[in-house]
Amino acid sequence: MPRIKTDLLTAGMMVARDVANIDGMLLIPAGSTLSDRQIGILQAWGVPEVEVQASEAVPDMDPLARMSPQSVAVLKAELMKSFWRSSDSDPVFLEIFKLLLQRKARRTATKTP
């Protein structure tokens, strides 16, 4: 099931797993179809992402999943040249690197027919 960032959710998506706040209080039960109001509630509670049912309404959020491992390795090597120093133990660096890699993959996918 894809995990979608809360700000990318749209009304009509179906929640795959219960969504709770930081205190464990149930906000939206699994199987619910999201409304604009519920999306606003999730954002107000600071829920970063939600697991939703895969469907045509949910785009494939990770373009790397559609690429061959060799192509991903080439993109990673190209991107690593842009960094002065990298740290695989730094979660902030890893998240930034992942986002940049996905962006580069999306741009590469749009260039190829």
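The values are calculated or read from the model by the stated rules, or taken from the named source; none is laboratory data. Here the structure is a predicted model, which is why all the values come from computation and not from measurement. As a convention, Cβ positions derive from the backbone with ideal geometry for all residues, glycine included, and neighbour counts pool all protein chains shown.
What the table below lists for this structure:
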| item | result |
| --- | --- |
| Every residue from the range 36-54 that is within 17 Å of the chain's Cα centre (by Cα) and either surrounded by fewer than 16 Cβ atoms within 10 Å (Cβ to Cβ) or of a type outside the set (Val, Ile, Thr) (or both) | Leu42, Gln43, Gly46, Pro48, Glu49, Glu51, Gln53, Ala54 |
| The range 6-35: number of residues that are outside any loop (DSSP other than H, G, I, E, B) and exposed (fewer than 11 other Cβ atoms within 10 Å of the Cβ) | 2 |
| Residue ID - nearest to Ala30 (Cα to Cα), chosen from residues in the range 54-96 that are modelled with pLDDT of 85 or more and in contact with a helix residue (DSSP H, G or I) (Cβ under 7 Å, 6 or more places away or on another chain) | Val72 |
